[in-house]
Amino acid sequence: VNEGLFGGALRQELSASNDWYFLYPYSSSEDTPKNAVVTIGASKDENGDFIQRQDAPGDRSHIAGNPYPMYGSRKDVAKSANPRVKMRHLSALVALKIVNQGDGTRDNGDMPITVRTIELEATSDIVGEFTVNFAGDNVSFTSKNAGKIAKLELAESVTIEPGDEATFYLAVKPFDASGKDLTVRINGSARKVKMPSDANMSNFLSGQIK
């Protein structure tokens, strides 16, 4: 857990009691918690793709910075008090584990898997720009310039030998995939994945890894 101290000039005089709302990353154009625009995972590039980049298997250093917004709020704070807030993630994190189910050798013809790109396609928008409302108890999302396909590019190709596995991470907008089909593409080769009906396994929530 990291802590930070922030300061600045207020646009108007505080009331006796105040509601405070916080959003990361900072934008001078955002002045209300009811329709703030955030980018989750990646912005759309010139080819229309929403690309995230990971350095190595298991590495999560790319899940930080502007495309991974955070929010917080404190209500009914006295004018004389300094508000202290716990920031929460707006995005969910999908962990994709790729397993080479060979017996650990190449003697019987098992071959390594080489991974260069991974795509996750959902039935609703999961990456890009969204308008969020975090003024109430529950956060709501409205697509602005978003897409259903989150794409991960690796800094270098990853080779998974028979019997080994590797894990890769994609940041997405929270979504419930319970009982739905997701499409996973490795190097362009697609496979349908039927998600369990159990929401504990298939509901991707803000600030959680599944």
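In whole percent, what relative contact order does the chain give with Cα contacts below 8 Å and a gap of six or more residues?
Answer for the chain is 26 percent.
By DSSP, what percent of the beta bridges with both residues in the chain are antiparallel, rounded to the nearest 5?
90 percent
Using Cα positions and a limit of under 20 Å, work out the aspartates and glutamates in reach of Lys79, with same-chain residues fewer than 8 apart set aside.
Glu13, Asp19, Asp31
Specify, per residue and in Å³, the volume enclosed by the convex hull of the alpha carbon atoms belonging to the range 111-174.
Cα-based convex hull of the range 111-174, divided per residue, equals 114 Å³.
Dipole magnitude of the chain about its Cα centre, charges +1 at Lys/Arg Cβ and -1 at Asp/Glu Cβ only, in debye to the nearest 20?
680 debye
Residue-wise, which Karplus ³J(HN,Hα) couplings in Hz belong to the range 55-72, taking 6.51 cos²θ - 1.76 cosθ + 1.60, θ = phi - 60°, and x for glycine or proline?
6, 7, x, x, 7, 10, 5, 7, 8, 7, x, 4, x, 10, x, 9, 9, x
How much of the accessible area of the range 16-162, in percent, comes from carbon and sulfur atoms when a 1.4 Å probe is used?
Using a 1.4 Å probe with all protein chains present, the range 16-162 comes out at 42 percent carbon and sulfur.
Quick check on the range 164-210: take the gyration tensor over C-alpha atoms, sort the square-rooted eigenvalues as a ≥ b ≥ c, and tell me if it's rounded (a/c under 1.5), prolate or oblate.
oblate
Provide the gained length on full extension for the span Gln12 to Ser124, in nm with one decimal, where the gain is 0.36 nm per separating residue minus the Cα-Cα distance.
So the extension gain works out to 36.3 nm.
R0 = 35 Å: FRET efficiency of Val184 with Ser28, Cβ-based, nearest 0.05?
With a Förster radius of 35 Å, E is 0.35.
Given Lys44/Lys75; Lys75/Lys180; Lys86/Lys210; Lys75/Lys151, which pairs have Cα atoms separated by over 29 Å?
From the list (Lys44/Lys75; Lys75/Lys180; Lys86/Lys210; Lys75/Lys151), the Cα-Cα distance tops 29 Å for Lys44/Lys75; Lys75/Lys180; Lys75/Lys151.
For Val139 and Lys192, FRET efficiency with R0 = 45 Å and r from the beta-carbon atoms, rounded to 0.05?
Efficiency, from the Cβ-Cβ distance: 0.95.
Heavy atoms only, probe 1.4 angstrom, no DNA, RNA or ligands counted: give me Met87, Met195 ranked by accessible area, highest first.
Descending accessible area places them as Met87, Met195.
Show me, for the range 178-183, the HN-Hα J-couplings you get by feeding each phi into the Karplus relation (A = 6.51, B = -1.76, C = 1.60, θ = phi - 60°), rounded to Hz, glycine and proline as x.
In residue order, the calculated couplings are 4, x, 9, 8, 10, 10 Hz.
The values are calculated or read from the model by the stated rules, or taken from the named source; none is laboratory data. Bear in mind that the values here come from a model prediction, so they are computed numbers and not experimental data. Neighbour counts run over all protein chains shown; Cβ positions are idealised from the backbone, glycine included. Only protein heavy atoms, including side chains, enter the accessible area calculation; ligands, DNA and RNA are left aside. Shrake-Rupley method; radii C 1.70, N 1.55, O 1.52, S 1.80 Å.
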